[in-house]
1. What is the magnitude of the charge dipole of the range 73-134 about its Cα centre, with +1 placed on the Cβ of each Lys and Arg, -1 on the Cβ of each Asp and Glu, and no other charges, expressed in debye to the nearest 20?
2. With each run of n ≥ 4 DSSP H residues scored as -39500 (n - 2.57), what mean residue ellipticity at 222 nm is computed for the chain after dividing by its residue count and rounding to the nearest 500 deg cm²/dmol?
3. If only Cα atoms are counted, what is the Rg of the chain, and what is its Dmax, in Å?
4. Among the trypsin sites (Lys or Arg not before Pro) within the range 5-105, which fall in a DSSP loop and have no more than 16 other Cβ atoms within 10 Å of their own Cβ?
5. If you place +1 on the Cβ of every Lys and Arg, -1 on the Cβ of every Asp and Glu, and leave all else neutral, what size is the dipole of the chain about its Cα centre, to the nearest 20 Debye?
6. Averaged per residue, what accessible surface does the range 1-127 expose to a 1.4 Å probe, in Å²?
7. So which chymotrypsin sites (Phe, Trp or Tyr not before Pro) in the range 61-134 are both in a DSSP loop and have at most 12 other Cβ atoms within 10 Å of their Cβ?
8. Keeping the other protein chains in place, figure out the carbon and sulfur percent of the accessible area of the chain, with a 1.4 Å probe.
Amino acid sequence: MGVLVGGLIGLVLGLVVFDRSFFFGATPEVLGMSGDAGSSFAGFRYFVNDGWHFPLLETHAMRDRSGAPTIIALTDSIPLLSLVAKVAKPLGFSTEAWIGIWYYGCLVLQGASASLAARAFGARRLETSAAAAV
């Protein structure tokens with residue numbers, strides 16, 4: 001029960017911190033990413049919008065200096081999220097929306113993990129798990 005409460009606390013925190021438009025990727029924070037986050041997002045975009053081929057995490061749309069296709073598992077493009085986004089692409093999610101989903105998911109899992117950690121260290125009361133999540 002504490003893990004569920006911790007996850008809900010993380011979700012509420014995400015809703016308070018981020019504007020709802022962030023969830024849909026329609027904010028300057030998402031569209032104007034630069035640096036490491038921007039390059040990760042670029043690799044993510046290339047992979048999601050490229051066709052399916054083997055090896056599974058390879059993208060022909062993004063190539064290295066020698067002209068060989070890039071394998072995004074070897075980049076910072078969050079390969080697991082990229083694979084889920086590619087599978088769910090027919091559902092109509094924009095590529096930008098996945099960044100918001102990733103951040104919200106991280107906040108939910110962070111709250112749940114903090115609650116689980118409190119329990120692992122001996123906390124038995126729900127209030128203690130909730131305080132750890134906060």
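1. Using only the charged Cβ atoms, the result is roughly 240 debye.
2. Numbers: 7 runs with 81 residues, N = 134.
So the helix-based figure for the chain works out to -18500 deg cm²/dmol.
3. 17.9, 58
4. On the way: sites: 20, 45, 63, 65, 86; in loops: 65.
Those that pass, being in a loop and sparsely packed, are 65.
5. So the magnitude is around 340 debye.
6. Numbers: 7800 Å² over 127 residues.
Accessible area per residue: 61 Å².
7. 121
8. Of all accessible area on the chain, carbon and sulfur atoms account for 67 percent.
The values are calculated or read from the model by the stated rules, or taken from the named source; none is laboratory data. Note that the structure is a prediction, hence the values are computed from the model and not measured. Using ideal geometry, Cβ is built from the backbone for each residue, glycine included, and neighbour counts are taken over all protein chains shown. Side chains included, ligands, DNA and RNA excluded: accessible areas come from the protein's heavy atoms. Shrake-Rupley method; radii C 1.70, N 1.55, O 1.52, S 1.80 Å.
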